[in-house]
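Inspection log for the structure reproduced underneath, given as C-alpha cells.
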Amino acid sequence: MTARPQLTALVITAFRGSTGTLRIDFDKKKKLALIYGENGTGKTTICDAFEFLARGEIGSLKDRGIGSGLAKYWPSAGRSPGDVSVTLTTEAGACAGTIAASKVVVAPIKDRPRVEILRRGMLLKLIEATPGGRYEEIKRFIDISAYEQSEDALKSQLLALRREKDALAAEETQYLVQLNDFYEHDGKQAGVNAVTWAEGRLAEATTDATADIKAVEQLRLAYLTLTSFPDLFATAGTADDRAEKAVANAESAEQALAGAGSGPELVALLQAGQQLLADHAIVAECPLCESRERIAGLRDAIERRLARLETMRQASDDRRRAQTAVQGTRARLADLRAAYASAVATFNERLAGREWPVEVVRPGEPAPTDISRLQNWLATADVASQSWSSAETTWRNRANSRIMLRKAFDRYTAAAEKREEWAALEPRLDAASKILVAERQMFVDGIITDIAKTVGDLYERIHPGEGLNKIAMPLDPKQRASLLLRAEFAGQDAPPAAYFSQSHLDTLGLCVFLALALRERADDTILILDDVLGSIDEPHVDRVVEMIYAVSQRFRHAIVTTHYRPWREKYRWGFVKPGQECQFVELTGWAIKDGMRLSSTRPETERLKDLLTHSPVDTQAVCGKAGVILEAALDHLTLKYGCAVPRKIGEAYTVSDLLPNINGKLRKALRAEICEDGVVVASTELGPILDELTRIAQARNVFGAHFKEITFELMDADAIGFAQQVVALADALVCPTYGWPGSNKSGSYWRNSGDTRRLHPLQKPS
C-alpha cells in the first residue's frame, strides 16, 4: 500500500480560539506532535480544526447545553462564517475547509483527512455505556453484514416454515373432522379409525351413476312435460269455445242491422251532405231534390243514417275478428295435439330406452296417445314418478358424498405429509440457524477478543505487574448486539467500573479507544488525543506517555495536546526515552486580539548557549541555567552507572551529591562520541570536563550549594567558565534531535534512538 503523504502544516484562521491566523509546521520525520499549553491557550481549537476538516463538525461543542445550531459558534468571536478557513497541507498538496450556508465545504474532497479523536470527556464513554451502546460504538469495526443477511434470511425461512407447519396442522385437523363425520355417518367399524376406513372405502370399486342420473333426470323432465298438458288442453278448449260464441254473436248483430243500403257510395253522399250543411248555416231547400218541405230535419236525418251505417261497419269488423280468433284457437289446438303426441313419444322412448335400476318404478302402462286418457294415467303414474326423484337424489348424494370424501381424504393426506416433511425440516433449519449464530458470535468474538487483547497489552504497559490486564469484552449470549466489559480484580470477574479507580478507568478508556482506532486503517488515520492525561496519577504518566508514543508510530500522524508539565520538561531537557522522536509545540498565553500564539520550545542547552553570546553576560542567568543542565547531566550519568549517592527524603539532589560520586575508574573511562550515519565524527573524554567542574566548585567552596545558590558564590570569569564546561558536557552527551544515550541494546555502549550519541563504557568499571 502506498504511504500516505506526511503532514507539513496546519493553518487556522478566524476559527474558534484562533481569532487571527495560526500556523503550525509539522516535522515530517516525526509522527508524534506534542502540543503543550496551559488551560485556555487553544489546544482544543487545534483538535477542532482537524475534526472540522475530517467530519464537518466540532465535537467539543456537543453536550454543553448550548442547544442546536452549533455552526454559529464555529467562527471566532466577532468574525463571520466567511472569514473561517482551516487548511491542512501535506507533501501532496493542501486541503482547505470553509463554511457556506452553515455547512463545511472541503476542497479537494479526495484529500479530506481521516481522523480518530479522543477528548477528555469521552474517556469513559465506552466504559460506562450500556452493553447495547457499547456494541454500537464498536460495530463499525466489525463487518458482519454477510452473516447478518444470511442469519436474517434463515430466521425468516424458519419462521415461515413454522407458520406453514401450524397452518398445515390446522388444515389436517379440519379434514380429519370431516373424515370422522363421514365415518360416523356410515357407522363406525371396530378397530378401524376414520382415515383407514376412508382409504378402504375409496379403494372399493364403484359404478358410475352419472348416466343413470342423467337418464332419470330426462325421464322426470319428460313426465313433468306430460303433466302440463291437461291444463293446456283445458285452457285451449275454453278459448276455442269462447271464440265460436263470439263469431255467432257477431253474425247475429250484423244480420240485425242489414236491410238498408250501406254501400260506400251512400256513405260518401251522406258525408258530403253533412259537410254542405255544416258549411252553410241556412239552407232553404234540399240540394238533391230541391224540396223545401223536408229541409227542416235534413241535418239530423243525415247524422242518424251515418251513425247506423257506422254501427253496421263495426258489427262487420267484429265478425271478421271473431272468425280470425276461431282460426287461431283451432291452430293452437292442433299444435297442442302435435306437441302432446311428441311429448308422449319422448316419454315412452325414455322409459323404455334403458334397463332401469331397481330404485326406478315403472308406470303400469305407457303414456296414452289419447289425450282424454291422460288425466287417469297421470293419477296412476304419480307414485312411480316419486321414485324417480328419490332415486336421483340418492344417486346424486352418493356421488357427491364420495367426491367430498375423496377431497377430504386427499387434503388430509397432503396436509399430514407436508406437515411431517416440515416437522422433519424444522430441527435442521433450527440447527443451521444456531450454527450460523454461533459462527457469527465466534467471528465477532474473535475480533473482540483481539481488541480486548490489544486493550490488555496496552493496559499492561501502563500498569505492569498490577494484575489488571485481564480485560475481556464478551458478547452477551442473550442479546444479539450487546457487548459486556469485564476485568479481573482480586481474582473476581467484575465490570471495571465497580472497583477500578478513576485513574485506572481513564487509562482503560484510553486503551480501549486506541485499540479500536488501530483496527481500521491506522496508517491512513490522524490520531488526536485532546488533553487525556489530566486525571492520570503521577506514577503512571510516564508509562502512558511511552505507550502513546509507541502506538502513535502506527498511525499516519498523531497529535497529542496536554497541559502536563513533566512531559514538557522531559522534552526541554532531552530526557525523552531512546526512540521517542517527538515534535514539541508549545502554546503561550491567549489574547482576544492576537488569538493563539506559539512559544519557543528550544532545549535548555540552546538557551544556555544563547545567554553566553549576550554582552555583557548575565552571569546570574548563565549560572542558573548551567546549574540546572549540570544537575540533569549528572543525574543521568549516576542513574546509568548506578553511582552511590546520599539518600534524601523530599529534596532534589545537588551538584555536591552527584559530581563527587562520578569518580575513580568510571570518570576516567567516560567517553562520548558524536556519530553521523553510524560513523564516529567526534569523541570527547568526559573526565577532564568533570575534573574542571570539580575544580571550580572546590575553589569557590560551592559544593554544598544548589544551582540557584551557585550564581551568588562564583566570580564572573568562573561563572562563564562553569557554564562553558557545562555546555561542553551537554553537547557531548545530548543530541538536539534524538536526545540522551539511553539504550544499551548495542551490547558495548549506550546510544540514543538516532545513534547520533554514544556513551562509553556500557557498565561501571569494577
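The values are calculated or read from the model by the stated rules, or taken from the named source; none is laboratory data. As the structure is a computational prediction, the values presented were derived from the model and not from experiment. Backbone-built Cβ (ideal geometry, glycine too); neighbour counts: all protein chains shown.
Among residues of segment 439-461 that are free of Cβ contacts under 8 Å to residues at least 60 places away in the same chain and polar (S, T, N, Q), those with a Cβ under 8 angstrom from a residue that is buried (at least 18 other Cβ atoms within 10 Å of the Cβ) and not in a helix (DSSP H, G or I), sequence gap 6+ or separate chain, pair up as Gln441/Leu475; Thr449/Met473. Here's a check for you: in segment 729-753, which residue that is surrounded by fewer than 17 Cβ atoms within 10 Å (Cβ to Cβ) and touching a residue at least 24 places away in the same chain (Cβ under 8 Å) is nearest to the chain's Cα centre (by Cα)? Per the criteria, the residue is Thr737.
Do we have Ala399 as in a helix (DSSP H, G or I), modelled with pLDDT of 80 or more and out of contact with any Phe, Trp or Tyr (no Cβ under 6 Å at 6 or more places or on another chain) here? Walk me through it before giving the result.
Values: in a helix (DSSP H, G or I): yes; modelled with pLDDT of 80 or more: no; out of contact with any Phe, Trp or Tyr (no Cβ under 6 Å at 6 or more places or on another chain): yes.
In short, no.
Output the residue which, of all residues in segment 635-672 that are touching a strand residue (DSSP E or B) at 6+ places or on another chain (Cβ under 8 Å) and surrounded by 20 or more Cβ atoms within 10 Å (Cβ to Cβ), is farthest from Gly742 (Cα to Cα). Give the steps one after another, and end with the answer.
Kept after step one, since they are touching a strand residue (DSSP E or B) at 6+ places or on another chain (Cβ under 8 Å), are these residues of segment 635-672: 640, 669-672.
Right, trim to surrounded by 20 or more Cβ atoms within 10 Å (Cβ to Cβ) and you get 670, 672.
Values: Leu670: 15, Ala672: 13 Å.
By that ranking, first place goes to Leu670.
Gly132 satisfies every condition listed in (1) in a helix (DSSP H, G or I); (2) out of contact with any strand residue (DSSP E or B) (no Cβ under 9 Å at 6 or more places or on another chain); (3) loosely packed, with under 15 Cβ neighbours inside 10 Å; (4) modelled with pLDDT under 75 except (2). Taking the conditions exactly as written (over 33 Å from the mean Cα position of the chain (by Cα), among the small types (Gly, Ala, Ser), surrounded by fewer than 18 Cβ atoms within 10 Å (Cβ to Cβ) and not assigned by the TED database to the domain that holds Met547), does Gly446 satisfy them or not? Spelling it out, it is not the case that Gly446 is over 33 Å from the mean Cα position of the chain (by Cα), among the small types (Gly, Ala, Ser), surrounded by fewer than 18 Cβ atoms within 10 Å (Cβ to Cβ) and not assigned by the TED database to the domain that holds Met547. Taken over segment 217-255, the criterion of being part of a helix (DSSP H, G or I), without any contact (Cβ under 8 Å) to a residue 24 or more places away in the chain and within 30 Å of Ala391 (Cα to Cα) is satisfied by Leu221, Leu224, Asp231. Each residue in segment 395-410 was checked for being in contact with a helix residue (DSSP H, G or I) (Cβ under 8 Å, 6 or more places away or on another chain) and either of a type in the set (A, V, I, L, M) or crowded, with 16+ Cβ neighbours inside 10 Å (or both), and 7 of them qualify. The C-beta contact set for segment 634-660 (first residue assigned by the TED database to the domain that holds Leu686 and farther than 17 Å from Gly687 by Cα, second residue hydroxyl-bearing (Ser, Thr, Tyr) and part of a loop (DSSP other than H, G, I, E, B), distance under 9 angstrom, 6+ apart or interchain) comprises Val645/Tyr653; Pro646/Tyr653.
When each of Leu351, Leu374 is tested for being modelled with pLDDT of 80 or more, assigned by the TED database to the domain that holds Ala236 and either buried (at least 18 other Cβ atoms within 10 Å of the Cβ) or among the β-branched types (Val, Ile, Thr) (or both), the lone residue that passes is Leu351. Would you confirm whether any residue within segment 613-634 is basic (Lys, Arg) and surrounded by fewer than 21 Cβ atoms within 10 Å (Cβ to Cβ)? So far as segment 613-634 goes, no, none of its residues is basic (Lys, Arg) and surrounded by fewer than 21 Cβ atoms within 10 Å (Cβ to Cβ). If you filter segment 629-687 down to residues that are of a type in the set (Val, Ile, Thr) and at pLDDT 90 or above, you find that the one that is farthest from Thr756 (Cα to Cα) is Ile662.
Remark: pairs (first residue in segment 666-680, farther than 27 Å from Ser766 by Cα; second residue modelled with pLDDT under 90 and surrounded by 11 or more Cβ atoms within 10 Å (Cβ to Cβ); Cβ separation under 8 Å; 6+ apart in sequence or on different chains) = Cys675/Asp755; Gly678/Asp755. In segment 188-216, the residues that are modelled with pLDDT under 75 form Cβ pairs under 8 Å with partners that are acidic (Asp, Glu), at six or more places apart or across chains, as follows: Arg201/Asp186.
Could you tell me which of the residues Leu61, Leu88 is modelled with pLDDT of 85 or more and buried (at least 17 other Cβ atoms within 10 Å of the Cβ)? Walk me through it before giving the result.
Numbers: Leu61 fails: buried (at least 17 other Cβ atoms within 10 Å of the Cβ).
Going through Leu61, Leu88 in turn, the sole match is Leu88.
Would you check if Val361 is surrounded by fewer than 16 Cβ atoms within 10 Å (Cβ to Cβ), in a loop (DSSP other than H, G, I, E, B), more than 47 Å from the chain's Cα centre (by Cα) and β-branched (Val, Ile, Thr)? Yes; evaluated as a whole, the condition is true for this residue. Those helices (runs of 4 or more DSSP H) of segment 454-564 in which 2 or more residues are modelled with pLDDT of 70 or more occupy 502-517, 538-552. Residues in segment 580-594: is at least one loosely packed, with under 15 Cβ neighbours inside 10 Å, closer than 23 Å to Lys31 by Cβ and at pLDDT 80 or above? Looking through segment 580-594, none of the residues is loosely packed, with under 15 Cβ neighbours inside 10 Å, closer than 23 Å to Lys31 by Cβ and at pLDDT 80 or above.
In segment 64-84, which residue that is polar (S, T, N, Q) and surrounded by 10 or more Cβ atoms within 10 Å (Cβ to Cβ) is nearest to Thr98 (Cα to Cα)?
Residues of segment 64-84 that are polar (S, T, N, Q), as a first pass: 68, 76, 80.
Checking which are surrounded by 10 or more Cβ atoms within 10 Å (Cβ to Cβ) leaves us with 76, 80.
Details: Ser76: 13, Ser80: 11 Å.
Looking at residues that are polar (S, T, N, Q) and surrounded by 10 or more Cβ atoms within 10 Å (Cβ to Cβ), I get Ser80.
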